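Step one of this worksheet: look at the structure below.
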Ligand SMILES: Cc1ncc(COP(=O)(O)O)c(C=O)c1O
């Protein structure tokens, strides 16, 4: 422990050394353009003032979307669903976006094609800008930005992640709306994720305010027991994940039984399989929770089946039978072999 001059706090904690294969650092890789309120501007000009409302009060809603390489070209995964969620998040916060769903979807395609970067991660954000310093956001203009850049795996580890139950709960209902993908919610996510990492885990699973399983810091969660798939309903303070919806749809089409039901943490310990879903995490198996190994510690059959379907469709190797892909005219850096 080193003490910093002038501070009443010694260094609070240090993140443990990260074993390379279990944790990935992902510095942002720049591209050329960012879409801002209808125009493509240079990457380095996409800046905001330190007195912008969003910086002080977390007043922004955002999305995270992936564009996958295909055998020919690339495709954005569930673009309209993501942009509809952006509009929904904005509506919850009384934030008027001056763009329609179609315009926002077209903007995503434009910025990807302008940058010529795929596969990539896309980050649309609508924020309250520079205007007034009071808490009421009405005097601060709404600004919309969309950036895209290359991005790899979010939860590393082929054989499954080692995770923990967080000591932090997800937001209680009627405090911060969990159905809005709002920047401010990610202060809670940061507490969950940092606690997990400091203790040597890859991710944390939060319980809701009643002690029932909610979700990961940035992922929805599924448990499989006796061939049945369980996931917490949205009322357990979980985000309505687009990938969660994909998993539910794919599982039903595979003839599997899926139940959206509240359950306690111990149900995870005794499950046959547990996995995360999310745009960043995709379909990520979980190997252990609180150092309790899930079943035999190997990736389960149902997780594998769902992951195969998910990646098959996303990478254009299986028919896009649910209409989930929006093609973009960019050849993938590393084309998917047909
Ligand atoms: C808190 C939280 N839950 C769940 C998810 C998964 O949602 P999606 O599948 O739409 O990415 C995310 C990621 O966006 C998230 O941040």
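The values are calculated or read from the model by the stated rules, or taken from the named source; none is laboratory data. Quantities reported herein were computed from a predicted structural model and do not represent experimental measurements. Backbone-built Cβ (ideal geometry, glycine too); neighbour counts: all protein chains shown.
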Residue 274 vs. criteria within 16 Å of the ligand (Cβ to nearest atom), over 20 Å from residue 81 (Cβ atoms) and modelled with pLDDT of 95 or more:
yes
For region 39-57, which positions are in a loop (DSSP other than H, G, I, E, B) and either over 13 Å from residue 126 (Cβ atoms) or at pLDDT below 95 (or both)?
46, 47, 49, 50, 51
Residues of region 58-87 being within 23 Å of residue 117 (Cβ to Cβ), within 16 Å of the ligand (Cβ to nearest atom) and part of a loop (DSSP other than H, G, I, E, B), which ones?
63, 64, 78
Given (1) modelled with pLDDT under 95; (2) buried (at least 22 other Cβ atoms within 10 Å of the Cβ), number of the condition residue 108 does not satisfy
(1)
Could you please let me know if residue 185 is away from the ligand (no atom under 12 Å from the Cβ) and farther than 27 Å from residue 293 by Cβ?
no
Looking only at region 244-256, decide whether some residue is outside any helix (DSSP H, G or I) and within 21 Å of the chain's Cα centre (by Cα).
no
I'd like to verify a number: residues in region 45-57 that are more than 22 Å from the chain's Cα centre (by Cα) and either within 16 Å of the ligand (Cβ to nearest atom) or under 26 Å from residue 279 (Cα atoms) (or both), how many?
2
Across region 235-271, which residue is farthest from residue 321 (Cα to Cα) among those that are within 13 Å of the ligand (Cβ to nearest atom) and surrounded by fewer than 17 Cβ atoms within 10 Å (Cβ to Cβ)?
240
With the condition being touching a residue at least 60 places away in the same chain (Cβ under 8 Å) and over 30 Å from residue 212 (Cβ atoms), I'd like the strands (runs of 3 or more DSSP E) fully within region 92-185 carrying at least 2 qualifying residues.
120-128, 142-149
Out of all the residues in region 153-182, which are at pLDDT below 95 and either buried (at least 17 other Cβ atoms within 10 Å of the Cβ) or away from the ligand (no atom under 16 Å from the Cβ) (or both)?
154, 155, 156, 157, 158, 159
Being away from the ligand (no atom under 15 Å from the Cβ), modelled with pLDDT of 95 or more, surrounded by 23 or more Cβ atoms within 10 Å (Cβ to Cβ) and over 21 Å from residue 171 (Cα atoms): is that true of residue 224 here?
yes
